[in-house]
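So the structure is just underneath, and the comments pick up after that.
Bear in mind these aren't lab numbers, they're just calculated from the coordinates by the rules spelled out. Keep in mind that what you see is a predicted model, and the values were worked out from it rather than measured. Reconstructed Cβ throughout: ideal geometry from the backbone, glycine too, with neighbour counts over all protein chains shown.
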Amino acid sequence: MTQTVETIFVGGSLFDPGSPRSRPGVLAVADGRIAAVGGDELLELAGPGTEVVDLAGGLLLPGFQDAHVHPVMAGVDLLRCDLHGAETAQECLDRIAAYAAAHPEQDWITGGGWSMELFPGGTPTRQLLDSVVPDRPVILANRDAHGAWVNTVALRRAAMDARTPDPVDGRIEREPDGSPSGTLHEGAVALVADHADPIGYEDQYAGLLAAQQVLLSHGITAWQDAAVGRVFGLDDVYDVYVRAASNGDLKARVVGALWWDRARGLEQVEELRELRRRGCVGRFRATSVKIMQDGVAENFTAAMTDSYLDGCGCRTGNSGISFVDPSALREYVTRLDAEGFQVHVHALGDRAVREALDAVEAARAANGPTDNRHHLAHLQVVHPDDVPRFAALGATANIQALWACHEPQMDELTIPFLGEDRAAWQYPFGDLVAAGAPIAAGSDWPISSPDPLAAIQVAVTRTPPGVADAPPFYPRNAITLAQALTAYTAGSARINHHEDVTGHLRPGGHADLAVLDRDPFEGPAEQIAECSVTRTYVGGELLFDGRS
């Protein structure tokens, strides 16, 4: 070997995606790529400048790749009024009051991360916010970013009252006289958000870099940003990514999913083509398009084939919202597919899943097979009839496994309103794998934790990490540790069109690697999330060192 070997990893196990489990091994890195995989004989390749890393019984695997994440939003949340992790309504109020007191110069108080289960019916009131910030407008997104909590001043700034109609793609929670009560769902959020102070470009840039460090600390070396456009109250994060990629600040490999404006139609395709042309720079590629087809189950906006139930178990007549007309969706996906775009669809309810699969089917019928690798994200409720269609159509199931467990939002705000039969269709990972569906995995951070190991533990056990004696959530749909790790590495690499050079431990691939302090194959599944990332490399460069 004529290359200079920079790093050799010894003393632990290796996991190559697609394998049934880990195995002992040694790996050498040269010129930023995997040079060799073997045994102790590779130590003969070491030179004077070679670093020999002792894994100390840990595991070396390809870097995790998050197939659905919002890093700029997550990073900006770290800089604003952050309610993630608050465990009670009072803790939320205390954090809001403290943030407002610390930032008297801010006209609007913005941020988010509150959990719906902390408030009766999942809908906090304006009066609660008024009790801590009565004199300035406040708008705070909830944890899943599908709703917002606003105070009275914010509603006045937006000129909202009992006469304000619900938008077609959202809902205003109301008091008995019809006045807005303080919680807004989906498209109704924009009625207030459009009046709030915009988040500045420099704050977004700082947010991206802060989020990148968090993701690297979890062993994540690549991701797909699931909303590159003017969404979530942010200016277009496209320019943030292009700048970071151009000047080398973007260390990870990133695919940007350009936002599809559901208020417009095919006239935006030419704009998307131009963004793709200009947005392929450094480690950034703007080659995907994100279409949001429905909302979320806990606020009854996820699109279902049958209506939601009320608190008494009776059908309500509300079956959620398809944000894009299904016939238009078929037309849009067919055109985007013909233009060589990958389509990334938010599809949470079983009707939205079916509509998205129908659109992929229409594209294949019109254009023939392509290599665009369309994928459907979230897949909370999938009708059993649609499970085999993923493999048949080559559509990837993009799973967020951390949600597939019993927790308050599921048990109090979702299952009672789905009914037991339909609830059993939730997160059917095992059925999808058995049917041959391609699987990728992501976090949806900041909607939930970015930690791949926590999500993988849930995929394997169907129980929440750290909760003793929790009943498993429809355990027949659990998958194996090897399958979950493969989804979070090779599966996501494939949808990002990185599989030739990442997502595996083969000579010639980029040395995008994560080191775990222990081998999760050697312990109980309930302890997978207790593993920690000690090192993360991208292209052989050490970008996170948990030992320091």
### Task
Sort ASP161, ASP177 so the one with the fewest other Cβ atoms within 10 Å of its own Cβ comes first.
ASP177, ASP161
### Task
In whole Å, largest first, what are the principal axis extents of the Cα atoms in segment 201-495?
54, 42, 35
### Task
Once you have a ≥ b ≥ c as the square roots of the Cα gyration tensor eigenvalues for the chain, tell me rounded if a/c is under 1.5, and otherwise prolate or oblate according to whether a/b is larger than b/c.
prolate
### Query
Rounded, prolate or oblate: which fits segment 237-304, taking a ≥ b ≥ c as square roots of the Cα gyration tensor eigenvalues, rounded meaning a/c under 1.5, else prolate when a/b beats b/c?
oblate
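What order do you get for SER443, SER19, SER532, SER115 when you list them from fewest to most C-beta neighbours inside 10 Å?
SER19, SER532, SER115, SER443
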### Task
Provide the packing ranking of 142-151, 392-401, i.e. peptides ordered by the mean count of other C-beta atoms within 10 Å per residue, highest first.
142-151, 392-401
### Task
Using the number of other C-beta atoms within 10 angstrom as an exposure proxy, rank VAL228, VAL360 with the fewest first.
VAL360, VAL228
#### Entry: Environment charge at HIS195 (Cβ cut-off 14 Å; Lys +1, Arg +1, Asp -1, Glu -1)
0
### Query
What helices in the chain pass both tests, a Cα length along the helix axis of 27 Å or more and a mean Kyte hydropathy of -1.0 or higher, using whole DSSP H runs?
none
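Let a ≥ b ≥ c be the square roots of the eigenvalues of the Cα gyration tensor of segment 292-432; is it rounded (a/c under 1.5), or, if not, prolate (a/b larger than b/c) or oblate?
Judged from the Cα gyration tensor, segment 292-432 comes out prolate (a/c at least 1.5, a/b above b/c).
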